[in-house]
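Chemist: Shown below is the structure under consideration.
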Amino acid sequence: MLSVTLAVLFLALGNGLVPEECPKLDVPGDMLSQVLGAPITLTCLNGELENNATIHWKLEDKPIGSLLGQREMVGGKLFLKSVQYKDSGNYTCYLDSHPVRTLPLLVVDPPEEPSLSCRRKSFTSSVQCEWSPQRKPSPQTKAILLVRKIQKKETFQRPCHYLQGSQKFSCHMNLREEDDSHYLVVFCITYGIVRKSSKVYQYWGDEFLQPDPPTSITVTAMDKSPHRLNVTWKDPSSWNSTYYRLQFELCYWAEKSKHYTTIQRKGKHSLIISDALMGMKHFVKIRAREEFDHGRWSEWSKEVTGTPWTEAKHPATETESFIFSQEPTTSDNYNKSLSPENPEGSSNTSPGLGSTHSPYTFLLAGGSLVLGMVLFIGIIVRYRKKSKLTPLKEGKPKVFPSYSLDQVIPEKPQSTSVMVPFISPSVSGSRSEPTNTPGNIVDLKSPYDITNRGYFFPR
């Protein structure tokens with residue numbers, strides 16, 4: 001590493017590009033600047049003073065005099081041993097009460113050594129070199145970029161501007177799409193008479209290339225796949241994807257895991273993670289590089305999270321487990337119901353207003369009631385059919401004489417023995433039991449009296 005650095009410095013010296021060559025940049029008027037704590041001398045006249053001439057100084061229209069150890073005035077010159085921020089301002093010298101000249105002085109912080117980073121976002125974009133100082137520079141600060149192209153032995157300058165939003169200096173230079181020349185770069189900054197330069201950076205033309213991270217990254221679960229995640233992304237908007245393509249590197253890991261996995265991908269913008277941990281949140285980030293390894297990898301994208309598919313629990317399953325898992329009431333359960341949290345012995349098993357179990361409980365009770373009614377009616381119908389078949393088996397005539405409603409049933413002789421059915425014929429227009437008097441009118445169309453409840457409910 002040391003030999004490479006010495007070779008670069010020797011090459012820079014041999015080609016006339018060294019940090020000491022940073023030019024002194026022009027500043028407005030006769031502005032003077034000095035680093036905090038450094039000495040400075042202000043001169044009123046270039047020649048010698050006459051014997052009777054008197055010179056005095058003012059700072060912003062306030063007279064200043066000698067201050068032991070800090071200020072001295074010798075032969076019309078003002079010497080400041082260690083300048084402070086309060087020493088900044090306009091100094092005016094007077095010769096016999098007449099103003100001669102005014103010198104503005106700016107006291108600045110010690111300059112930082114610039115650290116430069118240069119890159120181009122695509123083959124069709126310009127090279128951008130940036131530096132972010134730790135302290136905000138003064139408005140009088142100027143900066144330039146010195147570039148030396150080794151093959152042609154030419155040096156050129158590019159202006160640099162301070163961007164208030166990003167708080168950094170930015171410089172631009174244009175290169176051909178496939179320029180592979182060797183360049184030396186130096187960043188120069190000046191505070192009036194104070195100058196500071198960066199170290200010498202060397203780049204080959206294709207080493208400037210560094211794309212932006214991929215965008216629109218999504219991590220989604222795959223249906224009925226508890227160990228898979230589908231990751232998709234897009235090229236950065238600054239990359240010209242019409243003629244040039246990118247390769248990608250994907251890095252992912254599970255939450256609270258100390259291990260991560262990296263996968264490289266070329267020509268595609270999606271990847272299925274097949275070894276995800278079930279039910280765990282996963283973090284994914286991606287970076288990009290030119291497909292033929294030109295230039296450098298981009299910065300990592302922001303982390304995106306995703307969780308694999310998990311089977312959802314249905315409310316019906318929970319209801320069934322609630323109904324069929326109730327424990328029988330025992331002395332232990334009763335004692336638990338009389339705990340301090342439930343002193344009155346009330347139970348929480350009854351459904352409340354927002355309970356999901358009450359509709360199913362009512363449906364179960366209603367279904368049981370309907371089933372009981374159907375069984376009861378079936379028993380009644382079965383009993384009726386059985387009662388109809390019993391007299392027929394015992395010799396009841398199959399054909400019954402038909403009578404009209406206006407005929408009277410003749411009285412049968414007492415000596416004649418006949419079979420009497422268990423169910424007596426019904427009397428039209430009355431629910432009372434029929435008699436054998438000749439004046440009763442009987443409806444013989446139905447041989448059974450279904451209105452007699454005594455057959456269904458025996459006394």
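Chemist: Whose amide H sits under 5 Å from the amide H of residue 38, counting only residues 5 or more places off or on another chain, with H placed in the peptide plane?
Modeler: The answer is 83.
Chemist: For region 166-180, what does the Karplus curve 6.51 cos²θ - 1.76 cosθ + 1.60, with θ = phi - 60°, yield as ³J(HN,Hα) per residue in whole Hz, taken in order and with x for Gly and Pro?
Modeler: The phi angles translate into 8, 6, 8, 8, 9, 10, 10, 8, 9, 10, 5, 4, 10, 6, 10 Hz.
Chemist: Report the local net charge at residue 296: Lys and Arg +1, Asp and Glu -1, summed over other residues whose C-beta lies under 13 Å from its C-beta. Write out the running numbers ahead of the final one.
Modeler: Working: positive: 119, 120, 121, 287, 289; negative: 206, 207, 212, 249, 290, 293, 299.
That works out to -2.
Chemist: Right, something else. How large is Rg over Rh for region 134-242, taking Rg from the Cα atoms and Rh as the Kirkwood inverse mean of 1/r across Cα pairs? Numbers along the way, then the final one.
Modeler: On the way: Rg = 21.0 Å, Rh = 17.8 Å.
My calculation of the ratio gives 1.18.
Chemist: If the limit is 21 Å between Cα atoms, which of 121/285; 224/302; 86/136 go over it?
Modeler: Working: 121/285 19 Å; 224/302 28 Å; 86/136 19 Å.
The answer is 224/302.
Chemist: Beyond 20 Å, what share of the Cα-Cα pairs of region 37-108 remains, rounded to the nearest whole percent? Don't jump to the answer; show the numbers that get you there.
Modeler: Working: 611 of 2556 pairs.
So the portion of pairs separated by more than 20 Å is 24 percent.
Chemist: For region 199-272, which GluC sites (Glu not before Pro) are in a loop by DSSP, counting at most 14 other Cβ atoms within 10 Å?
Modeler: For GluC sites (Glu not before Pro) across region 199-272 that sit outside H, G, I, E and B with at most 14 neighbouring Cβ atoms in 10 Å, the list reads 255.
Chemist: Based on other C-beta atoms within 10 Å, arrange 379, 150 from fewest to most.
Modeler: On the way: 379 10, 150 16.
If I rank by nearby Cβ atoms, fewest first, I get 379, 150.
Chemist: Please go through region 243-286 and write out the chymotrypsin sites (Phe, Trp or Tyr not before Pro) that DSSP classes as loop and that have at most 13 other C-beta atoms within 10 Å. Could the numbers behind the result be given before it?
Modeler: Numbers: sites: 243, 244, 248, 252, 253, 260, 283; in loops: 243, 244, 260.
Answer by residue number: 243, 260.
Chemist: With only alpha-carbon atoms in the gyration tensor, what are the semi-axes of the equivalent ellipsoid for region 215-306, in Å, largest first? Spell out each step's value before the answer.
Modeler: Numbers: eigenvalues 128, 36, 23 Å².
Semi-axes, largest first: 25, 13, 11 Å.
Chemist: Describe numerically, in nm with one decimal, the distance between label points set 7 Å from Cα along Cα→Cβ at residue 38 and at residue 168.
Modeler: 2.8 nm
Every number here is computed from the coordinates shown, using simple stated rules; none is lab data. Here the structure is a predicted model, which is why all the values come from computation and not from measurement. Virtual Cβ from ideal backbone geometry, glycine too; neighbours counted across all protein chains shown.
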